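Trainee: Dumping the structure here so I can ask a few things about it.
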Amino acid sequence: MKIKARSVLKRVLSVAVVAAIAAGISTTLSNTAEKPILTSAENTMDDYEKQIEEYQQKQEEYDAKIAETEGSIAKEQENQAAIEAQIETVQATIYEYSKMIAEIRESLDKVQANIDKLNKKIEETQRTIDTKQSEIESGIADFKTRLRAMYIAGDSSYTSILFGAKDFYDALMKAELVKRVADHDDKLIDGLVQKKNELEAAKKTLEEQKAEVEKQKSELEKQRDSYNAKKAQQQTQMDKLSTLVAESKAHQEALEAEKAAHEAQKEAYAEREEQAQEMWNKLYEEAEARRRAAEEERQRLAALAQQNNKYDQSNDTDYTTGTSGDFIWPVPGHYVISYGVGWRWGAYHAGIDIYDANIGGSQIIASDAGTVVVAENACPHDYGKNYSCGCGGGYGRYAIIDHGNGYMTLYGHMTNCIVTVGQQVKQGETIGYVGSTGHSTGNHCHFEVRLNGTALNPENFVSP
């Protein structure tokens, strides 16, 4: 029995060691680990991303269109339409981000709820483990007492107990008593072993569930980072929307103000147009008179030469050295047309306005060779204004060059005109500098091409 007692004690001590290791572990006895939450968002996120990518491509196109038409009076309606289309596109993008963020938020909540559920189960399991640990310790204490009693009783065997019986009945009772004691010992040991196995299983399950919780926490952080990133992207879109709305409002207000100013000066515009046309008619008549005079002089010299039989064609001179239609761009280095030829609020714009932010003071060159027939340099109102100061019929400081064959070009709103009437100029020669005299809202060059006094579209003759 002493040998058996030592074996039992060894087993009990093994149980005690396992129990001691398991005592500080928080776990659950369930073998089923909670899996990460997979919401329907996983099936739609790609769709959201694809839709947002399409909207962002549209935004890039509209941004380019807005930049292309910005500052162009001729394209102001096109610019406003692009801004409004961009506003709708940005709003649609924000909506897609809202749906995506809602999906991520829902997934975040579910993952967090799952983690909370696991933590609650871990707390409940810890209480269960504490109870089992207490039961194991109590069982070990009881068995230690039993072993101590067996040791004090000394060596004994079934044979000595039976031979010590007074009679058969006494022997039977003692045998039954020994059997029951042995059964009790076996059950106690089996119970302790079972508890040891349960703790070992719990330990294994604990490690699995701890790993699962860490995995879900990692998923939670990943989704939280995605959530924050999408929120930031959405905020960028919302900021862009606010800017676009403000630009659209300012643009509309500026258009309304300009339209009101045009309406208020409608009669003045009509009068100015009439005066301008009278000027062009007069210039055309004068050019025709010079042409006829030159032709008469040529014919006179030809007749005189025939009489003297020594006509020299090298003496033929023309009042212009132009090529009549072969024009070049009048403001080198500045190629934005802010307003083209056409009707606008009841007024006809007969040329193109060349403008950019740095054009002030830039040189204006003769688009073709010719004779200066107008050189106005008296306007003192060199600043931006949305009305006409009346100088130069609205052109301010300006020049007109006659290129022959009915062609003339005009250069308006100069800060300084440096040529004089009758001066012969070569193609590309500087004739003045860009300013904002006359009816001009800011520094730019107004350029016209006329044939026999009729305004033509300069874009058909020159290009940036």
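Trainee: Quick one: is Glu258 at pLDDT below 85, surrounded by 12 or more Cβ atoms within 10 Å (Cβ to Cβ), among the acidic types (Asp, Glu) and in contact with a strand residue (DSSP E or B) (Cβ under 7 Å, 6 or more places away or on another chain)?
Mentor: In short, no.
Trainee: Continuing with the same structure: Can we say Tyr227 is at pLDDT 80 or above, among the aromatic types (Phe, Trp, Tyr) and in the same structural domain as Ala82 (by TED's automatic domain parsing)? Talk me through it step by step, then tell me what you get.
Mentor: Values: at pLDDT 80 or above: yes; among the aromatic types (Phe, Trp, Tyr): yes; in the same structural domain as Ala82 (by TED's automatic domain parsing): yes.
In short, yes.
Trainee: Same structure again: Go through the residues of segment 308-325 one by one and say whether even a single one is modelled with pLDDT under 55 and farther than 28 Å from Lys426 by Cβ. Break it down into steps so the answer makes sense when it comes.
Mentor: Taking segment 308-325 and keeping what is modelled with pLDDT under 55, we get 310-323.
From the residues that got through so far, the ones that are farther than 28 Å from Lys426 by Cβ too are 310-311.
Yes, some residue in segment 308-325 is modelled with pLDDT under 55 and farther than 28 Å from Lys426 by Cβ.
Trainee: Within segment 107-147, count every residue that is within 60 Å of the chain's Cα centre (by Cα) and hydroxyl-bearing (Ser, Thr, Tyr).
Mentor: 4
Trainee: Report, by residue number, each residue of segment 232-257 that is more than 22 Å from Gln57 (Cβ to Cβ) and not small (Gly, Ala, Ser).
Mentor: Hits for segment 232-257 are Lys249, His251, Gln252, Glu253, Leu255, Glu256.
Trainee: Just the residues that are surrounded by fewer than 16 Cβ atoms within 10 Å (Cβ to Cβ), farther than 30 Å from Thr128 by Cβ and of a type in the set (A, V, I, L, M, F, W, C), please, taken from segment 201-253.
Mentor: Ala229, Ala232, Met238, Val245, Ala246, Ala250
Trainee: So in segment 351-394, with the set limited to residues that are among the aliphatic types (A, V, I, L, M) and surrounded by fewer than 17 Cβ atoms within 10 Å (Cβ to Cβ), which one is nearest to Met279 (Cα to Cα)?
Mentor: That would be Ala378.
Trainee: What's the total number of residues in segment 47-70 that are at pLDDT below 80 and surrounded by fewer than 16 Cβ atoms within 10 Å (Cβ to Cβ)?
Mentor: 2
The values are calculated or read from the model by the stated rules, or taken from the named source; none is laboratory data. Computed from a prediction, not measured in an experiment: that's the story for all the values here. When we count neighbours, we look across all protein chains shown, and the Cβ atoms used for this are built from the backbone with ideal geometry, even at glycine.
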